1. Looking only at residues in the stretch 151-170 that are touching a Phe, Trp or Tyr at 6+ places or on another chain (Cβ under 9 Å) and among the aliphatic types (A, V, I, L, M), which one is modelled with the highest pLDDT?
2. Mind checking which residues of the stretch 34-87 are closer than 11 Å to Thr14 by Cβ, out of contact with any Pro (no Cβ under 6 Å at 6 or more places or on another chain) and among the hydroxyl-bearing types (Ser, Thr, Tyr)?
3. If we keep just the residues of the stretch 18-55 that are surrounded by fewer than 16 Cβ atoms within 10 Å (Cβ to Cβ) and aromatic (Phe, Trp, Tyr), which is farthest from Asp72 (Cα to Cα)?
4. List pairs: first in the stretch 62-84 and at pLDDT 90 or above, second of a type in the set (S, T, N, Q), Cβ under 7 Å, 6+ apart or cross-chain?
5. Hey, can you tell me all the residues within the stretch 116-143 that are charged (D, E, K, R) and either assigned to a helix (DSSP H, G or I) or touching an Asp or Glu at 6+ places or on another chain (Cβ under 7 Å) (or both)?
6. Residue check: is Thr146 outside any helix (DSSP H, G or I), more than 25 Å from Gly12 (Cα to Cα) and either under 17 Å from the mean Cα position of the chain (by Cα) or in contact (Cβ under 8 Å) with a residue 40 or more places away in the chain (or both)?
7. Please list, ordered by first then second residue, the pairs with beta carbon atoms under 6 Å, 6 or more apart or interchain, first in the stretch 150-172 and surrounded by 17 or more Cβ atoms within 10 Å (Cβ to Cβ), second at pLDDT 85 or above and in a helix (DSSP H, G or I).
Amino acid sequence: MGNRIKLLIPTGITSIRIILAPIFFLTVINNLIINSIIIFLFAIITDVIDGYSSRKLGLASSKGAYLDVTADFILVLAAFSAFIINGLYPTWLLIIIVFMFLQFIITSKFHITIYDPLGKYYGSFLFLVILLSLIITNPIIILILTILIVLFSIISITSRFLFILKHKNDIN
């Protein structure tokens, strides 16, 4: 099988997540919780499979990684937009999530890899928050999750910033 055809496998699997995002959004805003959970779990499975298949086929690339992160971001954006419309989370939380994605993309363009021990788990953490938010809508739990997102974001951005300061000569 040629590399071009093999490349379609992980790219196609990643694209499924992008296609699922608006469907997931609609199920969440219409309070179709079981459907939302099923769609979200399927999306998470595609995230695992696309990474595995790209490594197994020897097709891991920075373009593929950016597509994967973008697909994750679109899914997270769809989820939190729906949660905000339903009144579960405050609008400003979406601004933090968008900021975190943008700073990741910008700092990923540097000549050296930015070491952010917490940041590499940020997307997984947000996926867990989304799943918990679908299952548990208790206001106290949602408040705790909101605080955890803010804390996780602050720690991650601080870690990235400190790494950049420490290695500023290597970045340019």
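The values are calculated or read from the model by the stated rules, or taken from the named source; none is laboratory data. Since we're looking at a predicted model, the values are computed, not measured. Heads up, the Cβs are rebuilt from the backbone with ideal geometry, glycines too, and the neighbour counts pull from every protein chain shown.
1. Ile157
2. Scanning the stretch 34-87 gives Thr46, Tyr66, Thr70.
3. Tyr52
4. Close Cβ pairs satisfying both conditions: Ala71/Thr14; Phe83/Ser133; Ile84/Thr91.
5. Initial filter on the stretch 116-143 (charged (D, E, K, R)): 116, 120.
Selection gives Lys120 alone.
6. Numbers: outside any helix (DSSP H, G or I): no; more than 25 Å from Gly12 (Cα to Cα): yes; either under 17 Å from the mean Cα position of the chain (by Cα) or in contact (Cβ under 8 Å) with a residue 40 or more places away in the chain (or both): yes.
Considered against the rule, which asks whether it is outside any helix (DSSP H, G or I), more than 25 Å from Gly12 (Cα to Cα) and either under 17 Å from the mean Cα position of the chain (by Cα) or in contact (Cβ under 8 Å) with a residue 40 or more places away in the chain (or both), Thr146 comes out as no.
7. Within 6 Å, the pairs are Phe152/Phe125; Ser153/Ile96; Ser153/Met100; Ser156/Tyr122.
Listed here are the residues, each with its yes/no results for (1) hydroxyl-bearing (Ser, Thr, Tyr); (2) at pLDDT 90 or above; (3) touching a Ser or Thr at 6+ places or on another chain (Cβ under 9 Å).
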position: Pro90; (1), (2), (3): no, yes, yes
position: Ile95; (1), (2), (3): no, yes, no
position: Met100; (1), (2), (3): no, yes, yes
position: Ile106; (1), (2), (3): no, no, no
position: Phe110; (1), (2), (3): no, no, no
position: Tyr115; (1), (2), (3): yes, no, yes
position: Tyr121; (1), (2), (3): yes, no, yes
position: Phe127; (1), (2), (3): no, yes, no
position: Leu131; (1), (2), (3): no, yes, no
